[in-house]
1. Specify which residue in the list 78, 94, 60 is farthest towards the positive end of the charge dipole of region 45-122, using unit charges on the beta carbon of Lys, Arg (+1) and Asp, Glu (-1), about the Cα centre.
2. Highest first, please rank the peptides 308-319, 341-352 by the mean number of other Cβ atoms sitting within 10 Å of their residues.
3. Given the chain, what count of lysine pairs have C-alpha atoms under 21 Å apart, with each pair 8 or more places apart or on different chains?
4. Positive end of the charge dipole of region 223-339 (Lys, Arg +1 and Asp, Glu -1 on Cβ, about the Cα centre): tell me which of 289, 251, 278 has its Cα farthest that way.
5. Let me check something: with ligands and nucleic acids excluded, how do 61, 35 order by accessible area (1.4 Å probe), largest to smallest?
6. 5 Å is the cut-off here: which amide hydrogens, built 1.01 Å from N in the peptide plane, fall below it relative to residue 197, excluding neighbours closer than 5 in sequence?
7. Quantify, in whole percent, the carbon and sulfur part of the accessible surface of the chain (1.4 Å probe; protein heavy atoms only).
8. Which helices, taking whole DSSP H runs in the chain, have alpha carbons extending 18 angstrom or more along the helix axis plus mean Kyte-Doolittle at least -1.0?
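The values are calculated or read from the model by the stated rules, or taken from the named source; none is laboratory data. The model shown is predicted, which means the values in this text are computed figures rather than measured ones. Here the Cβ positions follow ideal geometry from the backbone for every residue, glycine too, while neighbour counts run over all protein chains shown. With ligands, DNA and RNA removed, areas are computed over all heavy atoms of the protein, side chains included. Shrake-Rupley method; radii C 1.70, N 1.55, O 1.52, S 1.80 Å.
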Amino acid sequence: MIKPIGTDELQPRFVYDTERHHQLAQEAESLPSILVSSQAAGNAVMMGAGYFSPLEGFMNLADAVSVAESMKMTDGRFFPVPVLCLLDSAEAIGDAKRISLRDPNVEGHPILAVMDITAIETASDEQMALMTEKVYRTNDTEHPGVKAFNSQGRTAISGPIHVLNFSYFQNDFPDTFRTAVEIRNEIMEHGWERTVAFQTRNPMHRAHEELCKMAMDAVDADGVVIHMLLGKLKPGDIPAPVRDASIRKMAELYFAPNTVMITGYGFDMLYAGPREAVLHAYFRQNMGATHFIVGRDHAGVGDYYGAFDAQSIFDEEVPEGALDIEIFRADHTAYSKKLNQVVMMCDAPDHTKEDFILLSGTKVREMLGRGEAPPPEFSRPEVAQILMDYYQSIA
């Protein structure tokens, strides 16, 4: 199997030993505690689940700035984006060296993790601006990722963490949420030697389905892991339970048996385009995928990124040898009326725009809201029905 990044075995930060977990949970109740941001909570979940392995905890400012500039920590280790725990104030910590991190996304704010503090620092305006510009390629506060990153505060606490639970993801998505450890084990159980990973924060329409199959055929893969983001999105995006149901229906009806795994991970979307594509590749290698689909406008939002910036970054900025996972580069995919099948548009140079069935996201949402299904060439009828039911429920 493909090795995790930087180690021979995953190093999840979740405390799996039952006795130690119990002891740490008891100790945590007596420690000073802070309520972290949703973004920091997602980082903790990803470290706990092994996706960010071998990262042990939240970065200090020197590492975070270095990662933003070069995708390398100060000791040379590769990581695509800063992983920070930013607060408005560290006053509640005092001189404590160990604290509890409380979950902002679960009622009652239960303890999510215990943290050993190695540094408490204040990020300067210049450091925040540099990290924002390097990661998001913009400082525009209308960008949802920029807004989220810069609204957390300026006090950075760093140090290793010991994760005690996986926030709401395990309870709300028991059939879908999986750790990197679990996905690796399941890939091995399937006996898959080549595994494609597909990232999604949206329901999967016909083009997405066919793209997965194209990638599997192109690299002679044994299966595909459809890996959906289960954390927070921007307003207007379709909620995770609806996406989950529609993707499961599509996989059940339109993929060959034993060729697809439906899974999800607990993280808030960054909308960081190219940098987020590299992060996606990072944790897909850790979960055992050998190939990762990076499409047009991958992880983007608005007009902040070029259509294929998320592909070119792997050639232009990712340090050589940092990743073993291979990138499957996809163009925009759509149904060809000439060929009566879904194709990548770059593979049909004799086509004009009118030869494809192309619908904007806005147009599709309007149709679904009226109870009108998109054409079957665009969306499978069974998937469209689930989405129509959702839009009717919120009308």
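1. 78
2. Numbers: 308-319: 16.7, 341-352: 13.7.
Those peptides, ordered most packed to least, come out 308-319, 341-352.
3. The result is 13.
4. Value computed over the given set: 251.
5. Values: 61 10, 35 95 Å².
Descending order: 35, 61.
6. Those lying under 5 Å, H to H, from residue 197 are 225, 291, 292, 293.
7. Numbers: 7770 of 16870 Å².
After summing per-atom areas, the C and S share lands at 46 percent.
8. Numbers: long enough: 18-30 (19 Å, -1.73); 206-219 (20 Å, -0.17); 240-254 (21 Å, -0.25); 274-286 (19 Å, -0.86); 381-394 (20 Å, 0.12).
Helix filter hits for the chain: 206-219, 240-254, 274-286, 381-394.
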